[in-house]
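Everything below concerns the one structure shown next.
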Amino acid sequence: MLRIITILFCLSFLGSFSQDWTGIPVPPDAGTGKEWQLQQDVSDDFNYAAPAASKGSTFLTKWDDWYHNAWSGPGLTTWARDHSLVEGGELKLIASRYLTNRVHAGVIHSNNTVVYPVYVEIRAKIMNSVLANGGWMLSPDDTQEIDFMEGYGATWSGSQSSDQSWYAQRMHMSHHVFIRTPFADWQPSEFSNTNGNPSVHPTWITRNDGAGNINWKDDYHRYGVYWEDPTHLYYYIDGVLVTQREGMEQIDPLYHTNAVNPGDTNNDTRTGLNKPMDILFSVEDQDWRSDMTPPLTPTDTELANADDHTLRVDWIRVYKPVATASVDEWFTNNLKVYPNPIKDYIKLQADVSLNKIKIYSIDGTEVFKKEDINMSSDSLSINTLSAGLYILKVESANGKWAYKKIVKN
């Protein structure tokens with residue numbers, strides 16, 4: 001039994017190696033008999049360099065430095081590929097003046113989609129600006145949206161000389177359901193705070209630090225959402241549940257997600273939030289603010305302050321709840337793996353049929369997979385793997401798992 005615990009500890013260590021969120025628990029419960037599994041293809045600690053003009057394969061494997069379709073931006077925004085970069089262990093989206101009155105800004109989207117059940121969380125510091133800072137998810141057809149971070153950081157605006165503390169002290173966490181033709185948009189609009197009442201679910205969240213409401217621009221915070229299923233959303237800030245949506249009437253009361261004839265209240269075929277979604281980070285000069293009189297938009301002087309106009313994202317982590325691996329002591333002890341250390345080939349032999357074989361590298365990345373084996377023995381060619389320590393994970397035909405440490409010379 002001690003051997004199994006040692007192997008599992010090693011696997012857990014390898015899965016979290018060098019990740020900035022190591023030791024930070026996932027706030028929601030994964031559920032009975034389940035555990036949180038990191039989704040490597042959409043998680044990123046941004047511990048690499050990706051210059052604005054040439055971001056390189058590490059960034060571009062997971063992200064595209066553009067919006068997820070051809071749209072160039074809302075309101076006075078013109079998105080620009082060279083206004084996003086990775087440096088100093090952070091993703092940075094910046095804004096600057098473009099032409100006479102427009103704003104050049106950064107936007108990126110994930111190359112892979114996510115779908116419920118999923119927990120998405122970022123650690124970020126929003127701008128000291130009236131511009132919108134967004135961390136959100138959007139279906140590729142632009143009909144379903146989840147906003148887990150929408151912040152406006154400035155306390156004052158030079159263009160209006162008006163107090164913007166209401167927005168600076170509130171983080172918007174909500175969702176939208178759309179009909180594209182004719183266009184219709186619905187989102188919940190509760191503005192009140194919970195004040196300890198769990199039955200009140202605001203969309204604009206304040207937090208009080210004892211000295212007054214927090215201005216979100218002043219520090220890094222964790223913003224997350226557990227998209228449990230099509231009718232349940234749970235939003236978290238710094239690991240604390242701050243608001244939620246439960247049931248179809250809180251997700252789509254106007255029947256926008258109808259599978260047949262969207263918007264027809266006499267035809268209830270609502271799906272709720274059921275579509276796979278891209279993950280996006282964006283900076284925007286939104287028209288509902290710039291259309292004010294006078295417009296609520298940054299001045300030239302404000303935009304010249306690059307530090308005030310940089311959205312910083314320290315990391316993003318994405319988890320799905322999966323059934324807890326059934327580790328079998330007998331299977332682990334009787335699975336023969338040789339030679340070990342190994343050079344080019346490895347042989348596996350067991351008293352039961354093997355189903356799946358996976359190999360993980362030191363950083364927890366899956367580097368080898370073979371499925372549907374249906375034999376009690378198998379040989380693997382691993383001559384493409386670099387020298388080092390790996391974890392071998394083997395599933396038997398009856399769904400039991402075994403783990404072995406292997407060394408490649």
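The values are calculated or read from the model by the stated rules, or taken from the named source; none is laboratory data. If you're wondering where the values come from, they're calculated on a predicted model, not measured in any experiment. Virtual Cβ from ideal backbone geometry, glycine too; neighbours counted across all protein chains shown. SASA here: full protein model, heavy atoms, side chains in, ligands and nucleic acids out. Shrake-Rupley method; radii C 1.70, N 1.55, O 1.52, S 1.80 Å.
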Cβ-Cβ FRET estimate between ASP20 and ASP291, R0 fixed at 30 Å, reported to 0.05: 0.20
If I fit a long axis through the Cα atoms of helix 2-16 and take the longest principal axis of the Cα atoms of the chain, what angle between them do I get, 0 to 90°, rounded to 10? 30
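Return the carbon/sulfur percentage of the accessible area of segment 28-177, one whole number, probe 1.4 Å, all protein chains in place. It would help to have the intermediate numbers written out before the result.
Details: 2690 of 5420 Å².
Roughly 50 percent, rounded to a whole number.
Please compute one quarter of the surface area of the Cα convex hull for segment 268-409 and express it in square nanometres.
Details: hull surface 66.1 nm².
The directionally averaged projection comes out at 16.5 nm².
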Cα-based radius of gyration of segment 221-298 once divided by 2.2 N^0.38 Å, which approximates compact folds: 1.45
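Could you please report the charge total around LYS62, scoring K, R as +1 and D, E as -1 over all other residues with beta-carbon less than 13 angstrom from its beta-carbon? Numbers along the way, then the final one.
Details: positive: LYS55, ARG317; negative: ASP41, ASP44, ASP45, ASP64, ASP65, ASP278.
Summing Lys and Arg as +1 and Asp and Glu as -1 gives -4.
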Tell me, what % of the accessible area of segment 312-409 is carbon and sulfur with a 1.4 angstrom probe? 46
What are the extents of the Cα atoms of segment 93-177 along their three principal axes, in Å, largest first? 44, 30, 25
In nm², what is the average projected area of the convex hull enclosing the Cα atoms of the chain? 23.8
Taking a probe of 1.4 Å and leaving out DNA, RNA and ligands, segment 74-198 shows per residue an accessible area in Å² of 37
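When the chain is fully extended, how far beyond the present Cα-Cα distance does ALA53 get from ASN340, taking 0.36 nm per residue of separation? Present the calculation step by step, with values, prior to reporting the outcome.
Values: separation 287, 0.36 × 287 = 103.32 nm, distance 4.52 nm.
Taking 0.36 nm per residue and subtracting the Cα distance, the gain is 98.8 nm.
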What net charge is computed for the residues neighbouring ALA124, neighbours being all others with C-beta under 11 Å from the C-beta of ALA124, Lys and Arg scored +1, Asp and Glu -1? +2
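In the chain, what percentage of the DSSP-assigned beta bridges are antiparallel, given to the nearest 5? Write out the running numbers ahead of the final one.
Values: 106 of 111 bridges.
Roughly 95 percent of the DSSP beta bridges within the chain come out antiparallel.
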What FRET efficiency do you get for TRP71 and THR269 if R0 is 30 Å and r is their Cβ-Cβ distance, rounded to the nearest 0.05? 0.60
Please work out how much accessible surface TRP186 shows to a 1.4 Å probe, ignoring ligands, DNA and RNA, in Å² rounded to 10. 50
The lysines whose Cα lies under 20 Å from the Cα of LYS405, excluding any fewer than 8 residues away in the same chain, are LYS336, LYS343, LYS347, LYS356, LYS358, LYS369, LYS370, LYS393
What whole-number volume per residue, in cubic angstrom, does the convex hull of the C-alpha atoms of segment 38-154 give? 117
Would you give the gap between the C-alpha center of segment 331-356 and the C-alpha center of segment 370-401, rounded to a whole Å? 7
